[in-house]
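Asks: Sharing a structure here in structure tokens format.
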Amino acid sequence: MGPWRTVSLQGPSCNSPAGPPDPVTGETSYSRDVPLNHAVVTEVQVLQLVSEPGAQGEVGRVYAEIRETLGITFVPNFFKALANSPTALRATWEAYRNNSWRGSVPTVLKEMIFVAISTARDCRYCEIAHLAFCKQLGADPQTRRSLVENLDAVVPRRSADVIKFAVKAAMTPAAIDDTDFRCLQGHGVTTAEVAEILAMTAFSMYATTLADALHLPVDPEFEQILADI
């Protein structure tokens, strides 16, 4: 199997946009206002996904760490694409692990930040993947729905303001001002936690860029996690 795979990209008509994936089931709705055959289909060569059985050496070691740390039985397509370069795979995995799964800020809050930024960036792959992680970490259906529909509905207020700060930092970083930092200070957020929040924000931007550029298919395992009661 070569290092490239071909994906067919169907550009949506301006009158038939894809709706956001359901934060509970992971399903995506589509408008049917325009016939499907009016959409433009193009083929793109993108990186091959390195399968788990075929993973050897450093790639195999990173795959094992991913499964163990994340508590899942599969390696997400995000990492399988990066495995074309063991160096990129190792660097990205360690950055994600250290930013999301270590530190003072709870992992579930960091994953919620990831979902909100993915939604703001229209990255369906990352939105579904990290909604699944949120569910595994205990985020209830209403919280998950709020992350993609209305951040002001997230509770407690502290979490909502942290997530909104992160989204603002992601989308308009130069607009972050003293008012934003004072809001976090008012919730008792420490300087160490602010640093972690911004680091998670930056990684989320990095990851959504990779996922979209690589045209990653959503892992069925993530969809199953969201579908399971």
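Asks: Where the second residue is assigned to a loop (DSSP other than H, G, I, E, B) and of a type in the set (K, R) and the first is within 18 Å of I113 (Cα to Cα) and lies in segment 170-191, which pairs have Cβ atoms under 9 Å and are six or more apart or on separate chains?
Replies: A170/R121; M171/R121
Asks: Residues being over 23 Å from H215 (Cβ atoms) and in contact with a helix residue (DSSP H, G or I) (Cβ under 7 Å, 6 or more places away or on another chain): count how many of those fall in segment 112-164.
Replies: 21
Asks: Restricting attention to segment 214-229, report how many residues are part of a helix (DSSP H, G or I) and touching a residue at least 12 places away in the same chain (Cβ under 8 Å).
Replies: So the answer is 6.
Asks: Would you check which residues across segment 186-205 are assigned to a helix (DSSP H, G or I) and exposed (fewer than 13 other Cβ atoms within 10 Å of the Cβ) and list them?
Replies: G186, T191, A192
Asks: Also: Which residue, of A129, A81, A91, A95, is more than 25 Å from P220 (Cβ to Cβ), part of a helix (DSSP H, G or I) and touching a residue at least 60 places away in the same chain (Cβ under 8 Å)?
Replies: Unique residue meeting the criteria: A95.
Asks: Out of S8, S29, S100, S16, which single residue is surrounded by 14 or more Cβ atoms within 10 Å (Cβ to Cβ), on the phi < 0 side of the Ramachandran plot, of a type in the set (G, A, S) and modelled with pLDDT under 80?
Replies: It is S16.
Asks: Here is a further query. If you scan segment 206-215, which residues turn out to be of a type outside the set (V, I, T) and either touching a Leu at 6+ places or on another chain (Cβ under 9 Å) or surrounded by fewer than 17 Cβ atoms within 10 Å (Cβ to Cβ) (or both)?
Replies: Y206, L210, D212, A213, L214, H215
Asks: Give me a count of the residues in segment 194-212 that are free of Cβ contacts under 8 Å to residues at least 40 places away in the same chain and among the small types (G, A, S).
Replies: Residues meeting the conditions: 2.
Asks: Within segment 103-114, track down each residue that is without any contact (Cβ under 8 Å) to a residue 60 or more places away in the chain, not in a loop (DSSP other than H, G, I, E, B) and not polar (S, T, N, Q).
Replies: Hits for segment 103-114 are V108, L109, E111, M112.
Asks: Ok, one more. Do we have any residue at all in segment 175-183 that's assigned to a helix (DSSP H, G or I), touching a Lys or Arg at 6+ places or on another chain (Cβ under 9 Å) and of a type outside the set (G, A, S)?
Replies: Looking through segment 175-183, at least one residue is assigned to a helix (DSSP H, G or I), touching a Lys or Arg at 6+ places or on another chain (Cβ under 9 Å) and of a type outside the set (G, A, S).
Asks: Consider segment 173-229. How many of its residues are more than 20 Å from N98 (Cβ to Cβ), within 19 Å of the chain's Cα centre (by Cα) and of a type in the set (V, I, T)?
Replies: Qualifying residue count, segment 173-229: 2.
Asks: What number of residues in segment 89-148 are in contact with a Leu (Cβ under 9 Å, 6 or more places away or on another chain), within 19 Å of F165 (Cα to Cα) and of a type in the set (G, A, S)?
Replies: Matching residues across segment 89-148 total 2.
Asks: Look at A64 and say whether it is part of a helix (DSSP H, G or I) and in contact with a strand residue (DSSP E or B) (Cβ under 7 Å, 6 or more places away or on another chain).
Replies: So A64 does not fit the description; no.
The values are calculated or read from the model by the stated rules, or taken from the named source; none is laboratory data. Just so it is clear, the structure is predicted and the values come from calculations on it, not from any experiment. In this analysis, Cβ positions are derived from the backbone assuming ideal geometry, glycine residues included, and neighbour counts consider all displayed protein chains.
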